[in-house]
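**Student:** Following this message is one structure expressed as structure tokens.
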Amino acid sequence: MSQISRNKLEVSEPPRSAVRSGRISEAGKNSFKILYGGQELPAKLKGSFYEKDAEALPVVGDYVTFLYNDQGDSTILSVCERKSFLKRPDQSKTGVMQYMAANVDYCFIVTSLNEEYNYKRIARYVSIVLSGGAVPVVILTKADLCGDVDRFVREAGQISDKVRVHAVSAMHRTGLENLKEYMTPGTTICLMGSSGTGKSTLINAVIGEEVMKTSAIREADGRGRHTTTHRKLIELPDGVCIIDTPGMREMGMAEVQNGIDDTFSDIIALEHLCRFRNCRHDTEPGCAVKAAIQSGALSIERYRLYQSLGDENTRSFAAKKTAGRAKKSGRDDHELFY
Ligand SMILES: Nc1nc2c(ncn2[C@@H]2O[C@H](COP(=O)(O)OP(=O)(O)O)[C@@H](O)[C@H]2O)c(=O)[nH]1
Ligand SMILES: [Mg+2]
Ligand SMILES: [Zn+2]
């Protein structure tokens, strides 16, 4: 929080009101929860927020200043500068962005080692995470269900030199110790991945305590699998914060060309070596990309993946332009989260 804004607020607010800072643990359309001193306080936005762009509104993980109210809703005054910011286009393909989480250090891209595994989806997540300024960590879960774990670890690792890959089995308790290095006090970890991939089970296994509800437990208590449909930040006893998005099914992509370029920085480097600056890596002479593919230095699959993610990103951008300002709200709509 900047000293200047704090002073301003203290001057303009009544003397008894206490300006405090906390962290957003839940963000709805008009209501929020602030994690403050181990408690969750209900909160609303200060009126002037409604004149701002959707991007400026608080999301889960944001540090905010607020006016404390012990009788009801506290009032959120300002959002502190973000260290990282994860976003994606909304599900209706209008190109409007949804802002998912802020101030994430590591993003666990969780995918299970069964038919759910999808190389392209992982690459898409990696690009989104890099674009948002967090570190992508691919976690391949349910290793006990897979006969050739190493192959998948190798393949996922080839998506980018920026990505780390770990295979784990919560059931057999293998690979869990490798995740401990991320779970240090003050660290924020965002879990991403489809429902049922074992995110909650994994965190419970690493922590050694039932800190998150798993689908098995939810079924047992009769509340059904999809009762928890919104994103939430929880602080574990050891000071690690976990942001969970239960029920995330698919991840679209827009405005993340920088993340794609970061993921495929080796291909970008090759493109700079082509003889022609506008080389389409097609029939042009002196093409470094084609030469790398021919020599085997670059796999054609990976090059196609780079192209297809770029195309997808461009299409979303075009859609956004046509959508214009017709729908201004880019807030996370929980109803859209299945
Ligand atoms: N075989 C196997 N099943 C697992 C493992 N981890 C989780 N599961 C199962 O996968 C299902 C979904 O787990 P859950 O943690 O709720 O998934 P989430 O929706 O991603 O949080 C549950 O039935 C778990 O028992 C594992 O390591 N191996
Ligand atoms: Mg879960
Ligand atoms: Zn070329």
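**Student:** Taking θ = phi - 60°, what integer Hz values does the Karplus form 6.51 cos²θ - 1.76 cosθ + 1.60 yield along the stretch 191-197, in sequence order, with x for Gly and Pro?
**Tutor:** So the J values, rounded to whole Hz, are 9, 10, x, 4, 5, x, 7.
**Student:** Treat each spin label as a single point 7 Å out from the Cα along the C-beta direction, and report the K83 to F276 distance in nm.
**Tutor:** 4.6 nm
**Student:** Rank by packing, highest mean first: peptides 55-61, 78-84, 271-277, with packing defined as the count of other Cβ atoms within 10 Å averaged across residues.
**Tutor:** For the peptides 55-61, 78-84, 271-277, the packing ranking is 55-61, 78-84, 271-277.
**Student:** If you don't mind, another one. Using only the alpha carbon atoms of the stretch 257-323, find the Kirkwood hydrodynamic radius as the inverse mean reciprocal pair distance, in angstroms to one decimal.
**Tutor:** Evaluated over the stretch 257-323, this radius sits at 12.8 Å.
**Student:** At 0.36 nm per residue, minus the direct Cα-Cα distance, what do Q158 and E284 gain on full extension? Give it in nm, one decimal, please.
**Tutor:** Here the segment from Q158 to E284 would lengthen by 42.6 nm.
**Student:** Do the alpha carbons of any pairs in K29/K162; K29/K120; K142/K232; K162/K213; K120/K199 sit beyond 26 Å of each other, and which pairs?
**Tutor:** In this structure, K29/K162; K29/K120; K162/K213 exceed 26 Å between Cα atoms.
**Student:** Here's another thing I want to ask about it. Please sort 165-176, 196-207 by packing, taking for each peptide the average over its residues of neighbouring beta carbons within 10 angstrom, highest first.
**Tutor:** 196-207, 165-176
**Student:** What is the Rg over Rh value, at two decimals, for the stretch 85-244, using alpha-carbon atoms and the Kirkwood definition of Rh?
**Tutor:** With Rg and the Kirkwood Rh in hand, the quotient comes to 0.94.
**Student:** Okay, next question. Rounded to the nearest Å, what's the spacing between the alpha carbon centres of the stretch 175-194 and the stretch 36-104? Just the number, please.
**Tutor:** 23 Å
**Student:** I need the Kirkwood Rh of the stretch 60-167: take the reciprocal of the average 1/r across all distinct C-alpha pairs and report it in angstrom.
**Tutor:** Kirkwood radius, the stretch 60-167: 16.0 Å.
The numbers here are math on the coordinates, done by the rules we state, and not lab data. These numbers were taken from a predicted model, which means no experiment stands behind them. Note that we place each Cβ from the backbone using ideal geometry, even for glycine, and neighbour counts take in every protein chain shown.
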